[in-house]
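First the structure, in the form of structure tokens, and then the observations on it.
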Amino acid sequence: MRFLTAGESHGPALVAIIEGFPAKVPVSREAIDRELARRQHGYGRGGRMKIEQDQVEILAGVRGGTTMGSPICLRLKNRDWARWAPAMAAFAAPETEMVTIEADPLLAKVSPVVTTPRPGHADLSGAFKYGYTDLRNIIERASARETAARVAVGAFAKQLLACFGVEIGSYVTQIGPVGSDVRRPLTPEEQANVERSPVRAYPLGLTETMVATITAAQEAGETLGGIFVVYATGVPPGLGSHVHWDRRLDGQLAQALMSIPGIKGVECGAGFEAAQLPGSQMHDPIAYNPAHGWHRGGNQAGGIEGGISNGQPILLRAVMKPIPTLYQGLPSVDLKTRQPRRAGAERSDLTAVPAAGVVAEAMVAWVLAVAFQEKFGGDTLPEMKRAFAAYREGLGG
Ligand code: EPS
């Protein structure tokens, strides 16, 4: 199973193709659109989120509300394309006139041609790699707008996993200097409350201070990063493998999270705190009783040992750096003149940590769905379910 996305931030649309997704999985448009709306939400998002109202169009692979086993093709239209068409057209020579942008209190127009790279963005390294002086060619695809397509793909993975009782959630534990160290799966009720927080915070009590910190950052012309937790419950033991480096589930999950724009670090379970713990406090005691089957005395491992899921919830944390587009403009050098020049502003977010948690859920869902299909095989959901039931029975509780 694999997926690809295509699309520029201000092109006509984002598309995704999912290949190898099992047949006969019930899917709903509402479930996909709900995930897309969650990604758009969050105090500190930029003006673009006021323009877009992401809704999925299914072009192939689904019939009558179930998957068909054929490639699934999705499209998300970019409403903003209407303004950008002259600058982004596929065949006509791009217009270099300033583009009037909407929904940004500080910017009225942006230039389609950008020659001063923003420190921290893909601009300069992309310019070196692809040989451009117009950074628009890099910015458009490096934009986190692409993560909308991933969220739509992840919604398919989530719906497959739900058939096996796997649920995935996330919450923000830190924005800038405000935060807590909580890292555990939430109850469905707690997770529902997180969705009501404008910064998707847990503990909920952090919300007000986080919102105030974002507002203060805006006034200071700054941006903020933060930390989120992403978890999966109901994961059976035996996903991933110890036998090869690229089959280790924790390695796959870390790669998937690091692939989200702005992510600079990932932890599994106790993560970096493990450095300070003696072995006796790190490793989760193993217990068994006939009534409850196998269980563990903690989850410092984050649900993965030896690169294999151990039946405990999967628990991951990731840190997102502050958004690299600052209205004050960071020190840089113009690519054409090679003279010092402050990087220009693009419409952007003050912080996108709440949205990054939703994207992380999609990526975790995808990795787990692939691991499920590897373990339980099959071209159809009923085949996977039979293999899953037989495996569960073999585990003996
Ligand atoms: C984003 C869309 C983008 C940005 C943001 C996230 O749209 P626009 O450039 O039109 O405002 O708001 O992207 C970035 C912060 C970035 O650095 O790329 C989205 O859909 O998430």
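Taken over the range 258-282, the criterion of being more than 16 Å from the ligand (Cβ to nearest atom) and among the charged types (D, E, K, R) is satisfied by E267, E273. Would you check if R45 is closer than 16 Å to P354 by Cα and in a loop (DSSP other than H, G, I, E, B)? Answer is yes for this residue. Looking across the range 117-164, the residues that are within 13 Å of the ligand (Cβ to nearest atom), within 30 Å of P340 (Cα to Cα) and not in a loop (DSSP other than H, G, I, E, B) come down to D123, G126, R136, I138, I139, E140, R141, A142, A144, R145. Of the residues making up the range 218-235, those that are buried (at least 20 other Cβ atoms within 10 Å of the Cβ) and either touching a strand residue (DSSP E or B) at 6+ places or on another chain (Cβ under 9 Å) or outside any loop (DSSP other than H, G, I, E, B) (or both) number 9.
Scanning the range 33-80 for residues that are more than 16 Å from the ligand (Cβ to nearest atom) and under 27 Å from G225 (Cα atoms) yields a single hit, R34. Among the criteria (1) in contact with a strand residue (DSSP E or B) (Cβ under 9 Å, 6 or more places away or on another chain); (2) part of a helix (DSSP H, G or I); (3) not hydrophobic (A, V, I, L, M, F, W, C), the one E346 does not fulfil is (2). Against the numbered list (1) more than 13 Å from the ligand (Cβ to nearest atom); (2) of a type outside the set (D, E, K, R); (3) part of a helix (DSSP H, G or I); (4) surrounded by 15 or more Cβ atoms within 10 Å (Cβ to Cβ), L335 comes up short only at (3). Close contacts from the range 244-273, counting a first residue that is within 30 Å of S143 (Cβ to Cβ) and among the hydrophobic types (A, V, I, L, M, F, W, C) and a second that is open to solvent by 50 Å² or more (accessible area, probe 1.4 Å) and within 16 Å of the ligand (Cβ to nearest atom), with Cβ to Cβ under 9 Å and a gap of 6+ residues or different chains, come to M258/K264; I263/K321.
Within the span defined as the range 373-387, one or more residues are modelled with pLDDT of 95 or more, surrounded by fewer than 17 Cβ atoms within 10 Å (Cβ to Cβ) and among the aliphatic types (A, V, I, L, M).
Any chance the range 318-332 includes a residue that's modelled with pLDDT of 95 or more, more than 20 Å from A371 (Cβ to Cβ) and surrounded by fewer than 15 Cβ atoms within 10 Å (Cβ to Cβ)? Checking the range 318-332: at least one residue is modelled with pLDDT of 95 or more, more than 20 Å from A371 (Cβ to Cβ) and surrounded by fewer than 15 Cβ atoms within 10 Å (Cβ to Cβ). For the range 298-307, the condition of being of a type in the set (A, V, I, L, M), outside any loop (DSSP other than H, G, I, E, B), crowded, with 18+ Cβ neighbours inside 10 Å and more than 16 Å from the ligand (Cβ to nearest atom) holds for at least one residue. Residues in the range 185-217 that are of a type outside the set (A, V, I, L, M), surrounded by 13 or more Cβ atoms within 10 Å (Cβ to Cβ) and not in a helix (DSSP H, G or I): P185, S197, P198, R200, Y202, P203.
Selection within the range 74-116: residues that are small (G, A, S) and not in a helix (DSSP H, G or I). The member of this set that is nearest to Q218 (Cα to Cα) is A103.
The values are calculated or read from the model by the stated rules, or taken from the named source; none is laboratory data. This is a predicted model, so every value here is computed, not measured. Quick reminder, even Gly has a Cβ in these numbers, built from the backbone with ideal geometry, and neighbours come from all protein chains shown. For accessibility, only protein heavy atoms count, side chains too; no ligands or nucleic acids. Shrake-Rupley method; radii C 1.70, N 1.55, O 1.52, S 1.80 Å.
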